1. Enumerate the amide H contacts of Gly209 below 5 Å, restricted to partners 5 or more residues apart or on another chain; note that Pro and chain-start residues carry no placed amide H.
2. What does the charge count around Glu82 come to, taking other residues whose C-beta lies under 9 Å from its C-beta (Lys +1, Arg +1, Asp -1, Glu -1)?
3. Pop out the ³J(HN,Hα) list for the range 151-162 in order, Karplus 6.51 cos²θ - 1.76 cosθ + 1.60 with θ = phi - 60°, rounded to Hz; leave Gly and Pro as x.
4. How large is ³J(HN,Hα), in whole Hz, for each residue of the range 166-173 in order, when computed from phi with the Karplus curve 6.51 cos²θ - 1.76 cosθ + 1.60 and θ = phi - 60°, using x for Gly and Pro?
5. Using modelled amide H (1.01 Å from N, peptide plane; none on Pro or chain starts), what sits under 5 Å from the amide H of Met179, excluding residues fewer than 5 places away?
6. When the accessible area of the range 120-278 is computed with all protein chains present and a 1.4 Å probe, what percentage of it is carbon and sulfur?
Amino acid sequence: MPLDHRRLHGPEDSQPPELWAARPRDAGGGEEGEESGAAPRDPCALRPLFARAGLLSQAEGSAYVELSGGTKVLCAAWGPREAAEPGGAVGAGRLLCDFRRAPFCARGARPRPGGAAEREAEREAAAALREALEPAVRLSRYPRARLVVSALLLQDGGSALAAAVSAASLALADAGVEMYDLAVGCALCRPPPGDRDASAAGPWLLQPGEAEERGSAARLTVALLPALNQVSAVLGGGRGGEPEGWAAALRLGVEGCQRLYPVLRHCLLRAARRRDGA
């Protein structure tokens, strides 16, 4: 039988690509995965962050934030626009936030895309995003107007809400919206008592990864206005121990936000220079 030279002849046997993919240290299974996941790390260490503003030409302001480990968030901002109720009373403007998860953002099993559980999680994340951003925006300067922020989670590698807060704040600033300060987000989590010490829970971890968040006993997300030294939102829950433990976590989160602030400011300066040079 003559050979078809127009086709590439592959091997007779094939194997799934997961066998050759590099497995993260904290996502392995069995005893070996537990040992690698239990490897100690500096609780105060921040994951490297990459940020860029002014990416989307279709939006008035945009920003992209990526954390080492896989978290990727893209945000766009529009406004001010005329409110839907032109005949209403004159008051401060409104900030509308939308949060969406890409169908391919999760690595493992996830709820059915578009299902009730995922829609509820997206609504909660959008409400948390608005709560963190509203104190940073001068809404009184935009009466009868609305500002729209849309966040898209491209990949969830942990600390997704904190990355969305930082990206949305950058997008608003890139759109020229008057703000008191940038809102910087920082996430923390605390492992359960049995992971490190049977008698006490482990230390709070700054910017946890997806595997650390999945196995945590408590989570916390802090949003800070660093120039004003004001906390705009504290979101979290779980079994974090005594109130002193939560207070220590809050102080650690504020310190993490202060350390991330220069990176976001430098990102805005680079975007302004690019815009002026164009």
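1. none
2. Neighbour charge sum, excluding Glu82 itself: +3.
3. 10, 10, 8, 7, 8, 9, x, x, 6, 5, 5, 4
4. Going residue by residue, I get 5, 5, 5, 5, 5, 5, 5, 5 Hz, with x marking Gly and Pro.
5. Arg138
6. Carbon and sulfur: 50 percent of the exposed surface of the range 120-278.
The values are calculated or read from the model by the stated rules, or taken from the named source; none is laboratory data. Computed from a predicted structure; not experimentally measured. We place every Cβ from the backbone using ideal geometry, glycine too, and count neighbours over all the protein chains shown. In case anyone asks, the SASA skips ligands and DNA or RNA and just uses the protein heavy atoms, side chains included. Shrake-Rupley method; radii C 1.70, N 1.55, O 1.52, S 1.80 Å.
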